[in-house]
Amino acid sequence: MHIGNGLLFIMFWPTFSRQPAARLICAAVPALAAVHFALVGLGITADEALVKSATRSGQRQELLRGPFMYGSVISAITAMYWRDSPVGVAAIAVLCAGDGFADIIGRRYGEHNKLPHSPSKSWAGSGACMGAGWVASMACVLLMQAAGGKDGPLHALGVDDIVRGCGVASFIGALTESLPVPEIDNITVPLAVALAGQYAF
């Protein structure tokens, strides 16, 4: 879910119009998901399927942390950057693919290569975060560029600009993901990528 939902969401951006309200309509999708996470997490509504699929502990309260932050931050990034900037696209891609693969690879191959500054994280996970975030962010930025046409706001970026910018953003995202604050990395990773992206692109 962590990897697929956000990347699939970005793939639908080119289907929206260039009207100013389009970004807000699009941003409303993850915002509504975040509201649903909150309602279920607080026990106001019931959704056992969501609890089972979106939590590790099986406790509904877990939805109020990672999943709620995930939906909220993707909504905020969409509204702020939209498809007019590689910064927001890279931030979402690194959050989804980078952070997602860091967890998968880290759990499988990271038992014997822990990071000295973060014993719950590993070199394998950080490498996966960097690599997956880099590839996914480049793919998503290139998609936005192609969908924008010759007059699109991303048209001026060359392939080398995209490779370099996404590489820097992914490195900063992986560095941030490696910090011993796993409860809030759905916020810290995209925020760090967005800040790095302001300079990298």
Kindly indicate which of ALA102, ALA90, ALA97, ALA79 is over 18 Å from ILE172 (Cβ atoms) and either free of Cβ contacts under 8 Å to residues at least 24 places away in the same chain or in a helix (DSSP H, G or I) (or both). ALA79
Looking only at the range 1-22, decide whether some residue is part of a helix (DSSP H, G or I), more than 27 Å from VAL89 (Cβ to Cβ) and of a type in the set (A, V, I, L, M). no
Residues of the range 37-76 being among the small types (Gly, Ala, Ser), part of a loop (DSSP other than H, G, I, E, B) and at pLDDT 90 or above, which ones? GLY43, ALA46
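The values are calculated or read from the model by the stated rules, or taken from the named source; none is laboratory data. These numbers come from a predicted model, not from an experiment. Here the Cβ is made from the backbone with ideal geometry for all residues, glycine too, and neighbour counts use every protein chain on show.
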